[in-house]
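A.B. asks: What follows is a single structure, and I will ask about it in a moment.
Taken together, the values in this text are just the output of simple stated rules run on the coordinates, not laboratory data. If you're wondering where the values come from, they're calculated on a predicted model, not measured in any experiment. Positions of Cβ are generated from backbone atoms using ideal geometry, with glycine treated the same way; all protein chains shown enter the neighbour counts.
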Amino acid sequence: MSRETIVLGAGMVGVSIAWHLARRGRSVLLVDRRPPGQETSFGNGGLIQREAVRPYPFPQGVGKLLSVLPNRRVDIRYNLRGMLEAAGPLFGYWRHSMPRRHARIIPEYASLIMLSTQEHEPMIEAADAGAMIRKDGWLEVYRSQAGLDARRQEAREAAERFGVTHDALDRAGLNRREPQLSDRAIGAIHWTNSWGVEDPGGLVAAYARSFEREGGRFVQSAIQDVSRNGRGWRVETEGGVHEAQDVVMALGPWAGGWMKRLGYRMPTFVKRGYHMHYAVEEARRLQYWLADVEVGYILAPMRAGIRLTTGAELKPLDAPPHYGQLAAAEREARRIYPSLGDRLDPEPWKGARPCLSDMKPVIGPAPRHDGLWFAFGHGHQGFTLGPATGRVLAEMMDGEEPAVDMSPFRADRFGS
């Protein structure tokens, strides 16, 4: 009989894990309070970032920290409650972002990123979702020559070490790719082996339908309790009770709270974010996904319109929305892309990225509970890393050697 498995969380990470396990012949139940792809995975910038081998560090240096204090930046905002509640994890994030520590983390993190597009490929094919995917890369736009030059050097290193491909563009080269941009943009890095997705939530939903065709089951119901049941696990939901030999915790920004219930305290915190869609004349539509990185937002040509996504907001997960960061991003976006039209959504979308202090996810077995598996904390890259996470976790759960060394992602790296 196939091994019974429950996967908690139907974002990109949870759906990908469920898909891989079902393909291996397991009996898999996927559970979430909302339909697949309707939480964090719905609201991102829609990029599968093969180039993202350097995790985003905490600002270093007095100048950068002082620039954050007025709390008017587009890339990062905060409130006192959020900083105090996450003080320990944020201090760890700052420590791990110091140059020497960050340099050690990069190759570990990159080992998963290097699997990203190759692991999305078979899932895209199985889901018949190729029409959503753009494989011509995206543009990282710069306003200063110093910023562009520094990024060119990092791009060359990423090419040599991790197989990232790119073109360095001056203003003329950028204008040939995106003639709609103002002269505030002086050049760009065109990351050429990363992909864009025109409907991120739709892609996760397509993967979930493919999972169901493999024999998997999805239940939409809020989770009320997770507990041991003899040799297996018992999951109580609003719609009923489910039992299995294995449970996978892939609950994204909600994982930290569930970990505490199970006796695990990990340095989790969230980076919240917002998005809004905008109208644009078809003749002036962006051809590429675009990040104005020195300011801190993304413009993405989605099916629903041009999506503007903000940087990070350090607030508690349940804090009310505050749209000042989005308004600031919109003002800057109109300076770079004057063709940006009217808002299309009734109100901005708000979501949260699940983060850990050392910028790496937890992927693997729980240290003290047989049959409990973790897969959360992917930060900005859950959408990129879902299929890779699904592959390596399925390999671990079946007792196989995973595709990469998983020791940097083990759950006990933070201590007991």
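A.B. asks: So which lysines pass the test for K271, namely a Cα distance under 16 Å, with those fewer than 8 places away in the same chain ruled out?
C.D. replies: Once the sequence-local lysines are set aside, what remains near K271 is K315, K350, K360.
A.B. asks: Filter the trypsin sites (Lys or Arg not before Pro) in region 262-309 down to the DSSP loop ones having no more than 15 other Cβ atoms within 10 Å, then list what survives.
C.D. replies: Numbers: sites: R265, K271, R272, R284, R285, R303, R307; in loops: R265, R285, R303.
Those that pass, being in a loop and sparsely packed, are R265, R285, R303.
A.B. asks: A131 to D412: FRET efficiency via 1/(1 + (r/R0)^6), r the Cβ-Cβ distance, R0 35 Å, to the nearest 0.05? Before the final figure, lay out each step's value.
C.D. replies: On the way: r = 43 Å, r/R0 = 1.22.
Using R0 = 35 Å, I get an efficiency of 0.25.
A.B. asks: Okay, moving on. Would you pull out the residues with amide H under 5 Å of G11's amide H, same chain only if 5 or more places away, H placed 1.01 Å from N?
C.D. replies: So G11 has HN proximity to G37.
A.B. asks: From the residues Y109, L80, Y93, which one has its Cα farthest along the dipole of region 66-139 in the positive direction, the dipole being from +1 and -1 charges on Cβ of Lys/Arg and Asp/Glu about the Cα centre?
C.D. replies: L80
A.B. asks: To continue, here is another question. Tell me, K135, K360 in order of fewest to most beta-carbon neighbours within 10 Å?
C.D. replies: Numbers: K135 13, K360 20.
In increasing order of surrounding Cβ atoms, one gets K135, K360.
A.B. asks: Hey, can you grab everything whose amide H is under 5 Å from the amide H of F218? Only 5+ residues off in sequence or another chain; H modelled, so Pro and N-termini drop out.
C.D. replies: L30
A.B. asks: Along the three principal axes, how long is the chain when you take its alpha carbons, biggest first, rounded to the nearest angstrom?
C.D. replies: Sorted largest first, the three principal extents are 65, 45, 45 Å.
A.B. asks: Pulled fully out, how much extra length does the chain show between V219 and N79, if you take 0.36 nm times their separation in residues and subtract their Cα-Cα distance? Please report the intermediate quantities before stating the final value.
C.D. replies: Values: separation 140, 0.36 × 140 = 50.40 nm, distance 3.61 nm.
The V219-N79 span can extend by a further 46.8 nm.
A.B. asks: Would you work out which of M276, L251, Y264 lies farthest towards the positive end of the dipole of region 238-322, given +1 charges on the beta-carbon of Lys and Arg and -1 on that of Asp and Glu, about the Cα centre?
C.D. replies: Y264
A.B. asks: Grab every C-alpha pair in region 274-416, bin the distances at 5 angstrom width from 0 up to the longest one, and report whole percents.
C.D. replies: Percent of pairs per bin, in order: 2, 8, 16, 16, 14, 11, 11, 10, 8, 4, 1, 0.
A.B. asks: Taking the Cα centre of the chain as the origin and placing charges on Cβ (Lys, Arg +1; Asp, Glu -1), which of G232, A52, P200 is farthest toward the positive end of the dipole?
C.D. replies: The one lying farthest along the dipole's positive direction is A52.
A.B. asks: Quick one: if you stick a label point 7 Å off each Cα along the C-beta vector at A327 and N229, how many nm between them?
C.D. replies: 5.0 nm
A.B. asks: Pull up the DSSP beta bridges for the chain and report the antiparallel fraction as a percent, rounded to 5. Kindly include the intermediate steps, with their values, before the conclusion.
C.D. replies: Numbers: 50 of 73 bridges.
Beta bridges within the chain, antiparallel portion: roughly 70 percent.
A.B. asks: Would you kindly state the longest site-free stretch of the chain, with sites defined as GluC sites (Glu not before Pro) in a DSSP loop (not H, G, I, E, B) surrounded by at most 12 other Cβ atoms within 10 Å?
C.D. replies: Value returned for the longest uninterrupted segment is 1-237.
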